[in-house]
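Reading through the structure tokens given below for one structure.
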Amino acid sequence: FKDNLQRLPSIEGLARIDVVCADKTGTLTENAMVLSELRPVGDSDTDTVRRALAAVAADDPRPNASVLAVAAALADPPAWEKTGTAPFSSEKKWSGVSFAGHGHWILGAPDMLLPADDETARAAADLAASGLRVLVFAESDLPVDDTAAPGRITPRALVVLEQKIRHDAAETLAYFAGQHVDLKIISGDNAASVGAVASGLDVPGAASPVDARTLPAAGSDALADTLDTHAVFGRVKPEQKRDMVTALQSRGHTVAMTGDGVNDVLALKSADIGVAMGAGSPAARSVAQIVLLDNAFSTLPHVVAEGRRVIGNIERVSTLFLTKTVYSVLLAILVGASGVLSQVASVEPLPYPFLPRHVTIAAWFTIGIPAFLLSLAPNNERARSGFVGRVLRKAVPAGVVVGAATFATYLATYEGPNASTDQVVQSSTSALITLIVVAMWVLMTVARPLEWWKVILLVGSVLGYVVLFTVPVLGRFFQLDPTNLPYTAVAFASAAVGIVVLEVIRVAIKPRA
């Protein structure tokens, strides 16, 4: 399996999303990175910097993807005595290690550790604008575990890491764009770097990334306005991810959040649907409704399509079955009313027009077989609220029209209690023809938009009824006799009127659907 549903209703919930918030790392880019370049700053000794960086990467107690890439490239660290460590956190954006006799070393985000007008910070920003991840490796005057750390730092080198874009990222983003699902890239990385990656994937709005440190306060309309007009955000803190999801929800959006790290947990819990990667942290997997076991963002469209297929096709099939319920109840009420009327007036009560076998064949090709096939068909329409109302607005008028047209045919052809057996069968057959023709029209409207296989389904259903009504042995078994041409003409005339009324109603209710 490519996905694991930890909460079964989540697949239907995913069908309703209109915004996907995605972390850059692990979603648009692969988790693994490669050390591209170690660029010394000023007169820093390259060999000393490499040895110190190798020692920091080897002694980091909780290495992230960046540190792992450095450790893989600098595989021969010196055996220095470690005197203090500062693990990486999303809040401060740096980590560090202090060594006895070899200084205190910091590895982190240049825009968090250096002033904006610093020459090294500007060089790092230029590199980040090309889509590279850039860290600054610096020496501090304080032990890294000091409460005042990082203290005064001296940059020694820029650590340049390459991020490989997932081969399926562009196709996945194109799918969501085609389905009118907005994408928000929310990352803790440098905003320029995130924007460059997003621009390479043609994400709308990638040319104007937003640094989350400049975002309005949580819960404000200004934050929601910013999210409506921008799509790429960098330097986002974990609590800001949650606030951004909440702001989108406040504007009526149904939000899915994808992530793989501990810093995504708050947003995953707040989102309508949380989607975690299978290789992500245990915390992220535990709070997510859906876990992508193959770690591929490209799996998400398949899950979305499945949810839309389930909900959309249930709506179609429900319309068919409820239409049958309405016209069956209406016919029973009308026939029952004739019995009541016979008690107060000199009117003969009407028998029910159909035998049980007639009801069976009426449902074969107008509901049973078509509903089964339509329920399995692809359906990319986004699920919307108001399911019951939409089904009732379609099914109740359709059922009333089918029942009324069928009863009108029966009244026009029924010869009364003195009718012969042949006349009774012919009258029932005429009423059944009207019911089937109008019900087939309802099926066609439910099946729209028509595709080649749906046309084959409709034509096959019509041919099925032609066989039932024209093959003598089937006619005798099901007690069908369409040979009375005036009765049959009345049946088709009533059906035509019913179809016209159905189309008038469909046009009238379309703006409310």
Exercise. Grab the other residues whose beta carbon is less than 15 angstrom from that of Phe372, score K and R as +1, D and E as -1, and report the net.
Key: +4
Quiz prompt | Low-density loop cleavage sites - GluC sites (Glu not before Pro) in region 74-169, where at most 14 other Cβ are within 10 Å (DSSP) | solution = Glu81, Glu91
Quiz item: Only one of the listed values, [x] 1.15; [y] 0.93; [z] 1.46, was derived from the coordinates as Cα Rg over 2.2 N^0.38 Å; which label is it?
Solution: [z]
Exercise. Pull up the DSSP beta bridges for region 13-127 and report the antiparallel fraction as a percent, rounded to 5.
Key: 90
Exercise. Note the full-extension length gain between Ala79 and Phe477 as 0.36 nm times their separation in residues minus their Cα-Cα distance, in nm to one decimal.
Key: 133.9 nm
Practice problem: Could you order Ser318, Ser427 by accessible surface area, starting with the largest, using a probe radius of 1.4 Å? | Solution: Ser318, Ser427
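How much length would be gained if the chain were fully extended between Arg251 and Ala283, taking 0.36 nm per residue of separation minus their Cα-Cα distance, in nm to one decimal?
8.7 nm
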Quiz prompt | Dipole magnitude of region 181-282 about its Cα centre (Cβ charges: Lys, Arg +1; Asp, Glu -1), debye to nearest 20 | solution = 200
Quiz item: With every protein chain kept in the model, how would you rank Tyr352, Tyr175 by accessible area, 1.4 Å probe, largest at the top?
Solution: Tyr352, Tyr175
Practice problem: Report the net charge of residues surrounding Ser318, where surrounding means a beta-carbon distance below 10 angstrom and charges are Lys +1, Arg +1, Asp -1, Glu -1. | Solution: +2
Exercise. Any chance you could check the Cα centroid distance between region 266-330 and region 118-150 for me, in angstrom?
Key: 42
Quiz item: Which trypsin sites (Lys or Arg not before Pro) from region 207-315 combine a DSSP loop assignment with at most 16 other Cβ atoms within 10 Å?
Solution: Arg251
Exercise. Find the centroid of the Cα atoms in region 68-101 and in region 179-246, then give the distance between the two in whole Å.
Key: 30
Exercise. Give the ranking of Trp453, Trp80, Trp105 by solvent-accessible surface, highest area first, calculated with a 1.4 Å probe.
Key: Trp453, Trp80, Trp105
Self-check item: Residues with amide H under 5 Å from that of Asp211, placed H, sequence gap 5 or more
Solution: Gly234
Practice problem: Would you mind working out the magnitude of the charge dipole of region 417-513 relative to its Cα centre, with +1 at each Lys and Arg C-beta and -1 at each Asp and Glu C-beta, to the nearest 20 Debye? | Solution: 420
Quiz item: For a paramagnetic label modelled at 7 Å from the Cα of Leu341 toward its Cβ, which residues of region 371-409 fall within the zone defined by backbone nitrogen distances under 19 Å?
Solution: 400-409
Quiz prompt | Simple label model, 7 Å out from Cα along Cβ direction - Val462 to Val329, nm | solution = 3.2
Exercise. Please work out the FRET efficiency for the pair Val359 and His180, using the Cβ-Cβ distance as r and a Förster radius of 51 Å; give the result to the nearest 0.05.
Key: 0.75
Quiz prompt | Sites Asp211 and Val396 - FRET efficiency at Förster radius 56 Å, r taken between beta-carbons, to 0.05 | solution = 0.55
Self-check item: Cut-off under 5 Å, modelled amide H: who pairs with Thr29 long-range
Solution: Arg166
Quiz item: To the nearest 20 debye, what is the magnitude of the charge dipole of region 325-446 about its Cα centre, counting +1 on the Cβ of each Lys and Arg and -1 on the Cβ of each Asp and Glu?
Solution: 680
Quiz item: Per-residue ellipticity at 222 nm for the chain, helices alone: DSSP H runs ≥ 4 residues times -39500 (n - 2.57), over residue total, nearest 500 deg cm²/dmol?
Solution: -16500 deg cm²/dmol
Quiz item: Which helices pass in the chain if a helix is a full DSSP H run, must span at least 15 angstrom along its long axis by Cα, and must have mean Kyte-Doolittle hydropathy not below 1.6?
Solution: 452-470, 485-509
Quiz item: Antiparallel DSSP bridges in the chain: what percent, to the nearest 5?
Solution: 65
Quiz item: What distance in nm separates the simple spin-label points at Ala72 and Glu119, each placed 7 Å from Cα in the Cβ direction?
Solution: 3.4
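The values are calculated or read from the model by the stated rules, or taken from the named source; none is laboratory data. Please read these numbers as outputs of a predicted model, since none were measured by experiment. Here Cβ is always computed from backbone atoms with ideal geometry, including for glycine, and neighbour counts include all displayed protein chains. Areas reflect the complete protein model, heavy atoms only, side chains present, ligands, DNA and RNA absent. Shrake-Rupley method; radii C 1.70, N 1.55, O 1.52, S 1.80 Å.
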